[in-house]
Amino acid sequence: MRWLILSITILWMQPALSQGIFSDQWSQICTLGTRAEAGCDAIRAREILAADQPPWRAIGRVNFASRDQKSHCTGVLVSDNLVLTAAHCLYNTPRQRWIPPSSIRFAAGYQRGEAAVISGVKAYRVHPEQGVEGRFDDRSNLDWAVLELSAPIGRQVGYLPLGDDSATSTFVAGYPGIRPHVLSKTKTCQPRHHSSGVLLATCPVMMGDSGAPLLVEMDTGLQVVGILSRVAATPKGITALFLPVDLFDLGP
C-alpha cells in the first residue's frame, strides 16, 4: 500500500481544475453556456436528502481546517473506514504542498451544522504517480484519493458498495458550494465513456461536490460507480468528469 502522509496547510481546491474558483466566481461555473445563472438555478433545484438517514449518511463532507481557512469537498464511505474522494481536494496549490491527514475530518451524514458521526483521518492513498516530489499531477485519471479514517465509523452509519461503470441511470449526491450545508442529489446524469478511461456526463455540479459519488440505484440498494473530479461549463450544460471506481486502489 502507498499511503501519502505529508506535512502542510490547507487549500480549497486545485485551481488548475475548473472547479478551483473562489466564491465570487461560482456563477461562472454554474453558468450553462451563455445563459448566466441557469446552472446555479439547476444546482439549487437539486433534491435535498435526509443526510442523517441510511443510505445517505454514508456520504459526508471531507472538511479541512487551518488557522486561516476552512473548506470542504464531498466523500463516500465504501467500507468500515475507507472514504473515496478527489485527490485535488487534498492539495494546497498556493503553497505547492499536500494537506496533512491531521488537518482533515470526515463528517458522515452532515446536515445543517450537525453530523451523524465525525472521524479524523489517519492517512490517505493516492495514485503511485501522484504526489511525486510533492507536486499535484492534474492528469484526469490520477485525481483520486482513498482516506483511511481513524475510526471504523462505517460500522455505525453504513457504507456503499462499488458498482459497475456500465450503469446508465446514475446521479450525484454531494455538498455544492452554493448549498454547502445540505446534502442534495441531481436528477439522472447519463454517463458516457471517454477514451482516457474516465466518465463524462452533463450534470449540475460544482465546487464542493468534488469527490461526490456517482450513484446508481440497484435492487440491492445504492452503489458507487465513480467519483466527481472536475467540471466545465459548456453550451449544453455543466460537463462533469468522473473517475470510475476501478481506478481506485483500495488496498488488500
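Computed quantities for the displayed model
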| item | result |
| --- | --- |
| Of residues in the stretch 91-106 being closer than 19 Å to residue 122 by Cβ and in a loop (DSSP other than H, G, I, E, B), the one least open to solvent (accessible area, probe 1.4 Å) | 99 |
| Restricting the stretch 240-252 to residues that are more than 23 Å from residue 55 (Cα to Cα) and open to solvent by less than 30 Å² (accessible area, probe 1.4 Å), the residue that is modelled with the highest pLDDT | 241 |
| Meets criteria (open to solvent by less than 10 Å² (accessible area, probe 1.4 Å) and not charged (D, E, K, R)) for residue 110 | no |
| The stretch 225-238, residues that are over 15 Å from the mean Cα position of the chain (by Cα) and either of a type in the set (Phe, Trp, Tyr) or assigned to a strand (DSSP E or B) (or both) | 232, 233, 234, 237, 238 |
| Restricting the stretch 53-85 to residues that are at pLDDT 95 or above and in a loop (DSSP other than H, G, I, E, B), the residue that is surrounded by the fewest Cβ atoms within 10 Å (Cβ to Cβ) | 53 |
| Residue ID - surrounded by the fewest Cβ atoms within 10 Å (Cβ to Cβ), chosen from residues in the stretch 219-233 that are among the hydrophobic types (A, V, I, L, M, F, W, C) and within 17 Å of residue 201 (Cα to Cα) | 232 |
| Residue match in the stretch 116-131 (condition: touching a Pro at 6+ places or on another chain (Cβ under 9 Å) and of a type in the set (Val, Ile, Thr)) | yes |
| Exclusive hit being farther than 18 Å from residue 140 by Cβ, basic (Lys, Arg) and in contact with a His (Cβ under 6 Å, 6 or more places away or on another chain), set 112, 105, 95 | 112 |
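The values are calculated or read from the model by the stated rules, or taken from the named source; none is laboratory data. Please read all numbers here as calculations on a predicted model, not as lab measurements. Cβ: placed from backbone, ideal geometry, glycine included. Neighbour counts: every protein chain shown. Surface accessibility is based on the protein's heavy atoms, side chains included, excluding ligands, DNA and RNA. Shrake-Rupley method; radii C 1.70, N 1.55, O 1.52, S 1.80 Å.
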